[in-house]
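What follows is a single structure, written as structure tokens, with notes after it.
The values are calculated or read from the model by the stated rules, or taken from the named source; none is laboratory data. The structure presented is a predicted model; accordingly, all values stated were derived computationally and were not measured. The area values use the complete protein model at the heavy-atom level, side chains included, leaving out ligands, DNA and RNA. Shrake-Rupley method; radii C 1.70, N 1.55, O 1.52, S 1.80 Å.
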Amino acid sequence: MLRTTRTTAVLLFVAWAVDYIDRQVINLALPSIGETFGLTHGERGLLLSAFFVTYALTQIPGGLVAARFGGVRMICVALVLWSVFTGLTAAAWSFAALLVLRCLFGVAQGLFPAAAIDTLSRRSVPEQRLTANGWIQSSNAVGGLLAAVLGGLLLAHGGWRVMFTATSVLGLLVVAAVRRWMPAPLPAERTGPPLQRTGRATATLLKSPAIWGFAVMFFAYDTVVWGLNSWSASYLMEERGLRVGDAGLVSLGPTLLAAVTAVVGGRLSDRFEGRPRLIVVPAMCAAAALLVWLPLTTSLTGFVVVATLISAVLGLCYMPCFSVPLRSLPPDLTGAASGIVLFGGQLAGIVVPTLFGHVVDAHSYRAAFWSLVLGPALAVIAVLCVPQTSSRFLARLRAAVSDTLTKEDDNDASTAPHST
């Protein structure tokens, strides 16, 4: 891997880890916040979903803004803003105030993912891009682990307000590191062949069924991820009697293994030159079977083992959701493309935590866990419908661009004055 790519990957790894720490500490704090404000499970799920509403809505604009103003600049803006809103969460005085702050926090974090992908795309060659992204995305699991461990300790010894205050400073430290050590972009000719008339290609990309198919696949993936991440800690504390300080520790195995398999998934995606169905179909079938088994476990050890296996197979599926677009498109379009795919995933963050909480209130945790099987089923359907290689993806996109330009030219011709 190129030195420029390695340095960029390290900095983005750290930034993504902080992203997940600040985002996920609230999962551990849900029972305490619920007691403070007297919230039902449904209201707690709404508190989680509020973040994802604005986070999802910011994904596509975030990609366009990153292309316009530069990925590095938008990374720094996002880090500063979300650190401020994390700190302000500690001062929330009501459930309504928490909802507002979580929405603002979602806007700030929503600017970051597409900016990060834009930044890496300008500092990597297409043949190494998915491997580098796999290493970077393994930080999600590491960040989740640190959130569980640090959040659990801070929550147990200082309460949820102290926890949010302490974690708010991490993003500011990353800003200083990015400004100090981020390398210059590679020459444009090394980062991928440009599409003709890129401006119009961007508009067409937003309407392309091909890219939205990958967004559906990421929605399905995140259905399972956010269902488990949002509610496993509450389940273990409420149903299995686990202490707050220990709830974070049981995620050690799942998060570490997910970090490893995210890297493997990225490497395999580069080796397969895309072809996401080779990874997604078997992995999601395994995930569905494990989700059925998960609530049937009779011991804490059994639950952790099955949850670890689910995290492992899901980790393999992360980069395949992005593989073909990131290998196919020039850096000017990767921000917008990744924004579309990420938008699909964050819709799951809006829907799933709240629905999971309502299913728990109406039925049981067992029924809620079983409902997550819909995610793997949808993922398999989606991956069988999307183009599997760069040549097929670009053929569909270029055909769409060509059709758009032809229609525009025909319209121009029909409205032009005729000479006599």
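Three principal axis extents of region 19-131 based on alpha-carbon atoms, in descending order, are 52, 25, 20 Å.
Comparing 356, 37, 303 in a Gaussian network model of the chain where C-alpha atoms under 10 Å apart are linked, the largest mean-square fluctuation is found at 37. Under the membrane-span-like helix rule (DSSP H runs whose alpha carbons stretch at least 18 Å along the helix axis, mean Kyte-Doolittle hydropathy -1.0 or higher), the chain yields 3-37, 41-69, 71-89, 95-110, 126-158, 209-239, 252-271, 277-293, 300-317, 331-362, 390-415. Size check on region 1-79: the Cα extents along the three principal axes, sorted descending, read 51, 24, 19 Å.
Note on the chain: with a GNM built from Cα contacts shorter than 10 Å, the maximum mean-square fluctuation among 277, 23, 68 falls on 68. Here, region 45-194 has an Rg and a Dmax of 16.9, 54 Å when only alpha carbons are counted.
The average projected area of the chain, computed from the convex hull of its Cα atoms over all directions, is 21.3 nm². Grouping the Cα pair distances of region 132-190 into 10 Å bins from zero gives a pair-distance distribution of 18, 33, 30, 12, 5, 1 percent in increasing distance order.
Heavy-atom accessible surface of residue 182, to the nearest 10 Å², is about 30 Å², with a 1.4 Å probe and all protein chains retained. Among 42, 134, 266, the largest mean-square fluctuation in a Gaussian network model of the chain (Cα springs under 10 Å) belongs to 42. Distant-in-sequence amide contacts of residue 124, defined by a placed amide H-H separation under 5 Å and a gap of 5 or more residues or a different chain, comprise 186.
With a 1.4 Å probe and all protein chains left in place, how much of the accessible area of the chain comes from carbon and sulfur atoms, in whole percent? Using a 1.4 Å probe with all protein chains present, the chain comes out at 66 percent carbon and sulfur. With contributions of -39500 (n - 2.57) from each DSSP H run of at least four residues, the per-residue ellipticity at 222 nm computed over the chain stands at -27500 deg cm²/dmol.
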